[in-house]
Amino acid sequence: MKKQHYNVFVIGSGIAGQTVAETCVKNGLSVAIADKREFGGTCAIRGCDPKKILIQFADLVHKTNKLTGLGVVDPLKIKWKSVQKFKSTFTEPVPLSTEQDLKDLGITLYHQSPKFISENEVLVEGKTISADTFVIATGLVPRTLKFKGAETLKTSDAILNLKKIPKSATFIGSGYVGMEFAYMLSTLGCKVTILEQSERALSVFDSYLVNQLVSSLKNNGVTFKFNAQTISVEKLRKNSKITFKHKKKTKTIKSRYVFNTSGRVPAIELLDLEKANIKSDNSGVLVNDFLQSNSNKNVYACGDVSSKSVPLTPLSGLQGYIVGENILLGNKKKFEDPLVPSVVFTYPNLAMVGYTEDEAKKRYKNIRVFKGDASNWYNVKKENGDTYAYKIIANERTNKIVGAHLLSAHANETINILTTAMNNDMTVDQFKKMIFTYPSYANDLKSMMKDED
């Protein structure tokens, strides 16, 4: 039987894989793409996009709850089935439309996870396929936990497809996903517990702001157990019993659902990378500045599975573009870490860009730190809110902004203003001379950059 051969074989149909495939096929190369799940990737189908659609309804409830009795007569009620139906109008068309777009370009599709059988061959759908270049763009998958009963845990996929809001839920892990969905479910009436094995939530974010966010979520009904080690999960008739160790005592709680939100890891386990001499570690497929495998020159990796990436969709698209160009032109484009803002979509939002205070202290001789609790400022008081804080960091020598950390109802947008300022090497004084609309959260950014009296 004759082997099928392609110039480029892409593994993963998210934004990174799609970008590579389209770039190559439009330039005359023969291209195939494979995925073990629905075509379209995590973000559009079971990640960022549907998450934001659901969470916006929790935001509405949260805002109206704050204003009930101040002009709002009755608390807002949400019809969850209608919310899910609305969300589905975004997610359901994605796989078919993605497949059709790829087919129209002349790209061959495979619906299975390939396994490498040599440095330039994979086995997929029972066929042996060779290629000049392989591109790994498989993204991330939930981390596997190894205590007794861990196989019964549900993931964020299940949260996105809940038929109704449960009476109770426990999250194991307090990263982005755990914090966002804990906020959403608690706002919509669910009793939520978060078990976190370390001493704090959201370890990559500034602790000053994280502590205030945790306090806000506690007020929203979320129970936190830090330094909690999960021992087992036992599935009961309707609920699950979680046994964990906390403060040197073994304790149990019962919840309708238990979710694994302990983090995500590179999706490489099914690929048999070692058979193709493709080196990897916990950060993903190990690549050079051209996003080419360090150990197999016929392989590139881009998006979340690359060792030079962070799990953000815009960065995946950029890496996909770079890989496509390098396949076509022969490693002409290097990947240089851009300034990437990051957001936790709780309410309030927690956002950051650039260096943390500790990172800035290591990089610069002296820094200026603008830090404060703004919960008594006009913009949050008009919403009857209670949580608003910031920390902005500048290099003392140049007075340029080098890091920004915001906790506010609009931090997901205002962080982009500070990102723009940092990308343009603006000093604190230059930024404060800018004119913004008033009253606005954007205008507050200038007031944040004042030295304490």
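About its Cα centre, the chain has a charge dipole of approximately 2020 debye under the convention of +1 per Lys or Arg Cβ and -1 per Asp or Glu Cβ, with nothing else charged. Within straight-line reach of LYS400, meaning a Cα separation under 17 Å, sit the following lysines at least 8 residues removed in sequence or on another chain: LYS361, LYS362, LYS365, LYS371, LYS391, LYS432, LYS433, LYS446, LYS450. Only the Cβ atoms of Lys and Arg (+1) and of Asp and Glu (-1) were treated as charged; on that basis the dipole of the stretch 298-453 about its Cα centre amounts to roughly 440 debye.
In this rough spin-label picture, where each label sits 7 Å from Cα along the Cβ direction, the LYS146-LYS371 distance is 3.8 nm. For the listed peptides 416-426, 189-199, a ranking on the average number of other beta carbons within 10 Å per residue, highest first, reads 189-199, 416-426.
Estimated from helical segments only, the mean residue ellipticity of the chain at 222 nm is -9500 deg cm²/dmol, where each DSSP H run of four or more residues counts as -39500 (n - 2.57). One Cα centroid belongs to the stretch 257-290, the other to the stretch 24-85; the line between them spans 26 Å. When each of the peptides 343-351, 209-217 is scored by the mean number of other C-beta atoms lying within 10 Å of its residues, the order from highest to lowest reads 343-351, 209-217. Per residue, the chain exposes 49 Å² of accessible surface when a 1.4 Å probe is rolled over the protein heavy atoms with every protein chain present. The phi-based Karplus calculation (6.51 cos²θ - 1.76 cosθ + 1.60; θ = phi - 60°) puts the 3J(HN,Hα) values of the stretch 405-411 at 9, 10, 10, 7, 5, 10, 4 Hz, whole numbers, x for Gly and Pro.
The Cα center of the stretch 118-143 and the Cα center of the stretch 189-226 differ in position by 39 Å. Measure nothing but the geometry: give the 0 to 90° angle between the long axis through the Cα atoms of 313-329 and the longest principal axis through the Cα atoms of the chain, rounded to 10°. Computed tilt is about 30 degrees. So what's the angle, to the nearest 10 degrees on a 0 to 90 scale, between helix 93-104 and the longest Cα principal axis of the chain? Around 30 degrees separate the two axes. Working ranking of peptides 402-415, 69-82 by packing, defined as the average number of other Cβ atoms within 10 Å per residue, highest first, is 402-415, 69-82. Residues with amide H under 5 Å of ALA131's amide H, sequence separation 5 or more or different chain, H placed in the peptide plane at 1.01 Å from N; which? Close amide H contacts, sequence-distant or interchain: TYR6. Rounded, prolate or oblate: pick one for the stretch 1-49, where a ≥ b ≥ c are the square roots of the eigenvalues of its C-alpha gyration tensor, a/c under 1.5 means rounded, and failing that, prolate if a/b is larger than b/c, else oblate. Oblate. Lysine pair count for the stretch 226-310 with Cα-Cα distance under 12 Å and sequence separation of 8 or more or different chains is 5.
Is the stretch 140-267 rounded, prolate or oblate when judged by the Cα gyration tensor, a ≥ b ≥ c being the square roots of its eigenvalues, rounded requiring a/c under 1.5 and prolate requiring a/b larger than b/c? The shape class here is rounded. Taking the protein heavy atoms of the chain in the context of the full set of protein chains, the accessible area attributed to carbon and sulfur is 48 percent at 1.4 Å. Partners of LYS103 within straight-line reach, counting lysines whose Cα lies under 25 Å from its Cα and excluding those fewer than 8 residues away in the same chain: LYS2, LYS3, LYS26, LYS36, LYS115, LYS127. Spin-label model, LYS85 to ASN161: label points 7 Å out along the Cα-to-beta-carbon direction sit 2.0 nm apart. Calculate, for THR223 and LYS245, the FRET efficiency according to 1/(1 + (r/R0)^6) with r their C-beta to C-beta distance and R0 22 Å; round to the nearest 0.05. FRET efficiency, THR223 to LYS245: 0.85.
The values are calculated or read from the model by the stated rules, or taken from the named source; none is laboratory data. Note that the structure is a prediction, hence the values are computed from the model and not measured. Note that each Cβ is placed from the backbone with ideal geometry, even for glycine, and that neighbours are counted across all protein chains shown. The accessibility values were calculated without ligands, DNA or RNA, using every heavy atom of the protein model including side chains. Shrake-Rupley method; radii C 1.70, N 1.55, O 1.52, S 1.80 Å.
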